[in-house]
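Structure, as structure tokens:
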Amino acid sequence: MKKFLSLALILLTFALTGCGNSEKQDGRLKIVTSFYPMYLDVLNITRGVEGVDVVNLTPPQTGCLHDYQLTPEDMKTLETADIFVVNGLGMEAFLDKVTEARPDLKIINASDTPKIVPILEDGVPNPHVWMSLTYSIEQVKNILSKLCELDPERAEKYRMHALEYVDELTTLRDEMHISLDMMPNKDIVTFHEAFPYLAAEFRLNIVAVIEREPGTEPTPQELADTIEKINALPVKVIFTEPQYSPKAAETIARETGAQLYELDPIVTGEAKPENLLDYPDRMLTNTLTLIKALQ
Ligand SMILES: [Zn+2]
């Protein structure tokens, strides 16, 4: 009887820790991505490749992962993952918890390449690198090369798809340069710190940022400083983000007479194959908005 009981205990322990991994006997490769921009990159690289499942960890409306806390549901998703693709540069502040729970999980850090030079703010890297077309391309290439190392069997297919996507992004970047390089006005005010890489790529000048941390309302002093900076501009434009309330921006617009437009950091969206080209599509919308706002 005692022997039987201890065996039951061992089995139970296996079931609880997931050592048995019974769901993963299907031979499929499960790639989990941390948030939407990473999902779109991996979707493009793996599209139509047999035996690969791509799952985005965070719900469609999560947006940037600043202050994101892992849920028990997330931990369950990661339990059966083979590879976890993250943006890096501090965007996934919860990463330590993941590696603690799953020390064997293969992690691909998309920004971990010498080709991406982070912009530092008070000594801390700004993680929104995907908003530069050039860096988004580097992230795709980096994910590709690490994925090919981890899954050499499917490498040829990954490579073919990634190159097609990179071509698409390169064409878009060239078109954006043609239209944005000659804009007479380059001064913009943005909502949160999502746009320095986009600005650097197209030589836009971010005059002020309304909320450094999304969800944290600016203090009266910060509000006054922003209003002063905008009042000094010949062309006054403020860009809100579809993911966040435009309240503070509307207040500032009322005080300064600035025009409000919307720039999309492309961090929310349904994780579904139909959204394959959502990044270039929404970047094109951003470009049209910038053209309208800056001429
Ligand atoms: Zn952000």
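Can you confirm whether Gly215 is on the phi > 0 side of the Ramachandran plot, away from the ligand (no atom under 16 Å from the Cβ) and either surrounded by fewer than 17 Cβ atoms within 10 Å (Cβ to Cβ) or touching a residue at least 40 places away in the same chain (Cβ under 8 Å) (or both)? Walk me through it before giving the result.
Numbers: on the phi > 0 side of the Ramachandran plot: yes; away from the ligand (no atom under 16 Å from the Cβ): no; either surrounded by fewer than 17 Cβ atoms within 10 Å (Cβ to Cβ) or touching a residue at least 40 places away in the same chain (Cβ under 8 Å) (or both): yes.
Answer is no for this residue.
Which one of these is of a type in the set (A, V, I, L, M) and within 16 Å of the ligand (Cβ to nearest atom): Val124, Val42, Val117?
Values: Val42 fails: within 16 Å of the ligand (Cβ to nearest atom); Val117 fails: within 16 Å of the ligand (Cβ to nearest atom).
After ruling out the rest, the residue left standing is Val124.
Filter the stretch 71-108 for residues that are under 12 Å from Val32 (Cβ atoms), of a type in the set (A, V, I, L, M, F, W, C) and more than 16 Å from the ligand (Cβ to nearest atom) and give the result.
Scanning the stretch 71-108 gives Met75, Leu78, Ala81, Ile83, Phe84, Val85, Val98, Leu105, Ile107, Ile108.
Looking at the stretch 75-103 only, could you name the residues that are crowded, with 20+ Cβ neighbours inside 10 Å and closer than 22 Å to Lys141 by Cα?
Matches in the stretch 75-103: Ala81, Ile83, Phe84, Val85, Val86, Asn87, Gly88, Met91, Glu92.
On the given criteria, is Ala155 at negative phi, crowded, with 22+ Cβ neighbours inside 10 Å and in contact with a helix residue (DSSP H, G or I) (Cβ under 6 Å, 6 or more places away or on another chain)? If you could, list the steps in order and put the result at the bottom.
Details: at negative phi: yes; crowded, with 22+ Cβ neighbours inside 10 Å: no; in contact with a helix residue (DSSP H, G or I) (Cβ under 6 Å, 6 or more places away or on another chain): yes.
So Ala155 fails the test.
Quick one: in the stretch 247-268, of everything that is in a loop (DSSP other than H, G, I, E, B) and within 16 Å of the ligand (Cβ to nearest atom), which residue is surrounded by the most Cβ atoms within 10 Å (Cβ to Cβ)?
Of everything passing the filter in the stretch 247-268, Pro265 is surrounded by the most Cβ atoms within 10 Å (Cβ to Cβ).
Considering only residues that are over 30 Å from Ile178 (Cα atoms) and in contact (Cβ under 8 Å) with a residue 24 or more places away in the chain, look in the stretch 218-243 and name the one that is surrounded by the fewest Cβ atoms within 10 Å (Cβ to Cβ). If you could, list the steps in order and put the result at the bottom.
Kept after step one, since they are over 30 Å from Ile178 (Cα atoms), are these residues of the stretch 218-243: 218-228.
Adding the requirement that they be in contact (Cβ under 8 Å) with a residue 24 or more places away in the chain leaves 218, 223, 226-227.
Values: Pro218: 18, Leu223: 16, Thr226: 25, Ile227: 18.
Per the stated criteria, the residue is Leu223.
Just so you know, all these numbers are worked out from the coordinates, no wet-lab data involved. Since the structure is predicted, the reported quantities are computational estimates derived from the model, not experimental observations. Ideal geometry is used to build each Cβ from the backbone, glycine not excepted, and the neighbour counts take in all protein chains shown.
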